[in-house]
Amino acid sequence: CKISISTLIMCVTYAGTYSGGSGTSGAPYQIANLNDLMELCQTSGDWSKYFIQTANIDASTTQYWDDADDNSNGDLYDDTNDGTSTGNNEGFSPIGNSTTSFTGSFDGQIYTIDGLYADRLSSSYIALFGNTNNSSISNVGLTNIDITGNGYVAGLAGLINASTTISNSYCTGTVYGYAYVGGFVGAMWSSSIVKDCYATSGVSGRDHSGGLAGYVWSSTIDNCFATGGLSGAGDVGGLVAYNLSGTVTNSFWDTQTSTTSSSSGGTGKTSAQMKTLATFSDETTSGLSTAWDFETNPNDDAADNNYWDIDLSGTINGGYPFLAWQNGTDTSLPVEMSSFTAKALMNGEILVEWTTQSETENMGFILDRKTKSSLE
């Protein structure tokens with residue numbers, strides 16, 4: 001029996017090892033680079049396993065991935081754009097499809113995947129995760145996506161089904177499809193949950209096009225927002241395009257950037273309101289029943305989850321809330337001073353007095369006293 005060199009290369013490249021792990025809850029498969037992600041999307045037998053992402057991934061070369069590559073360069077796709085391809089550069093092939101769902105667990109561990117590309121207008125279930133069933137996805141950051149598909153099209157997941165939960169994740173970029181199109185998820189069915197997530201993705205679709213989700217049936221969205229621009233022929237929604245017996249709580253969309261004042265769930269706010277802490281923290285605000293958990297007071301909960309942060313200077317995420325893990329530290333909030341004086345008293349104490357013009361989310365001040373010698 002003879003084996004060709006090219007066949008041997010393929011056996012080594014797709015041996016199913018990822019960058020470590022064994023696919024169990026105690027030792028998840030490790031997704032550390034684009035080759036690992038390619039292996040995952042092509043190995044449906046692993047779609048019931050546990051995965052963790054262990055590094056930021058540059059996925060920009062997925063724009064050259066081609067289903068019809070002749071494999072002469074040792075890759076399943078023409079991801080080097082070396083001219084050996086005979087197809088159409090369809091791009092990324094989703095994890096989960098119409099015949100096999102992703103039923104496992106994927107923890108992005110607060111790393112990002114940048115530049116994910118798919119151009120599959122004749123196919124459905126197009127996203128990072130095409131079709132999920134009773135799965136768990138968390139801590140994923142998708143940036144600068146460019147996704148095109150037919151139905152169930154989105155950034156993170158085309159269809160989430162049967163108690164799938166997605167949390168603490170976000171998407172930016174553009175999404176285009178015909179039906180069930182969302183900046184974050186295309187459709188949600190059967191007790192699925194999206195919580196503490198957001199999308200700034202621009203969305204274009206023919207029917208059921210939503211800034212966060214295109215279609216929601218008997219599922220829950222909580223503590224989420226969307227800001228992306230929208231266009232579509234029917235059932236267009238700033239947050240949700242069509243909601244059938246779903247529950248949408250404490251969630252918002254930007255009526256100005258989305259260019260729509262309608263949504264089948266959530267509360268519309270102006271851009272200025274979407275960049276105001278009180279919108280998400282003051283429970284007297286329209287549309288808010290429970291304050292979001294921000295890193296700093298007044299809304300740091302007892303469990304210290306610290307899901308959210310906001311940069312009132314507008315530098316981070318354009319002034320919109322963002323997931324606390326995106327910058328790794330508490331964001332300093334500005335304090336405007338009107339006056340400040342300090343004087344020595346006869347008893348050796350120092351009297352310090354100040355007046356602030358404005359304070360936001362301020363817990364207090366810490367005064368650090370230094371002697372003259374310590375400054376020299």
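The values are calculated or read from the model by the stated rules, or taken from the named source; none is laboratory data. Owing to the predicted nature of the structure, the values given are computational and were not obtained by experimental measurement. Note that each Cβ is placed from the backbone with ideal geometry, even for glycine, and that neighbours are counted across all protein chains shown. Remember, those area values only see protein heavy atoms, side chains included, never the ligands or the DNA or RNA. Shrake-Rupley method; radii C 1.70, N 1.55, O 1.52, S 1.80 Å.
If only residues of segment 1-33 that are at pLDDT 95 or above and outside any loop (DSSP other than H, G, I, E, B) are counted, the one that is nearest to the chain's Cα centre (by Cα) is Ile31. Within this structure, Ala118 fails the test of being in contact with a Leu (Cβ under 7 Å, 6 or more places away or on another chain) and in a strand (DSSP E or B). Among residues of segment 97-113 that are farther than 23 Å from Gly26 by Cβ and at pLDDT 95 or above, those with a beta-carbon under 6 Å from a residue that is open to solvent by less than 30 Å² (accessible area, probe 1.4 Å) and assigned to a strand (DSSP E or B) at least six positions away or on a different chain give the pairs Asn97/Gly130; Asn97/Asn131; Ser101/Asn131; Ser101/Thr132; Thr112/Gly141; Thr112/Thr143; Ile113/Ile57; Ile113/Leu142. Whether any residue in segment 208-222 is under 20 Å from the mean Cα position of the chain (by Cα), under 20 Å from Ser286 (Cα atoms), at pLDDT 95 or above and surrounded by fewer than 21 Cβ atoms within 10 Å (Cβ to Cβ) is what I want to check. Yes, segment 208-222 contains a residue that is under 20 Å from the mean Cα position of the chain (by Cα), under 20 Å from Ser286 (Cα atoms), at pLDDT 95 or above and surrounded by fewer than 21 Cβ atoms within 10 Å (Cβ to Cβ).
One residue stands out in segment 83-96 among those that are among the polar types (S, T, N, Q) and surrounded by 19 or more Cβ atoms within 10 Å (Cβ to Cβ): the one that is modelled with the highest pLDDT, namely Ser93. Of the residues Gly115, Gly149, Gly108, the single one that is small (Gly, Ala, Ser) and open to solvent by 10 Å² or more (accessible area, probe 1.4 Å) is Gly115. Restricting the first member to segment 225-242 and to residues that are in contact (Cβ under 8 Å) with a residue 40 or more places away in the chain and assigned to a strand (DSSP E or B), and the second to residues that are open to solvent by less than 10 Å² (accessible area, probe 1.4 Å) and acidic (Asp, Glu), the beta-carbon pairs closer than 8 Å and six or more apart or on different chains are Phe225/Asp254; Ala226/Asp254. The single condition from (1) among the charged types (D, E, K, R); (2) open to solvent by 40 Å² or more (accessible area, probe 1.4 Å); (3) farther than 20 Å from Trp189 by Cα that Asp235 fails is (3). Restricting attention to segment 133-145, the residues being free of Cβ contacts under 8 Å to residues at least 60 places away in the same chain, open to solvent by less than 10 Å² (accessible area, probe 1.4 Å) and part of a strand (DSSP E or B) number 3. Selection of segment 146-198 for residues being aromatic (Phe, Trp, Tyr) and part of a strand (DSSP E or B) yields Tyr152, Tyr170, Tyr176, Tyr178, Tyr180, Tyr198.
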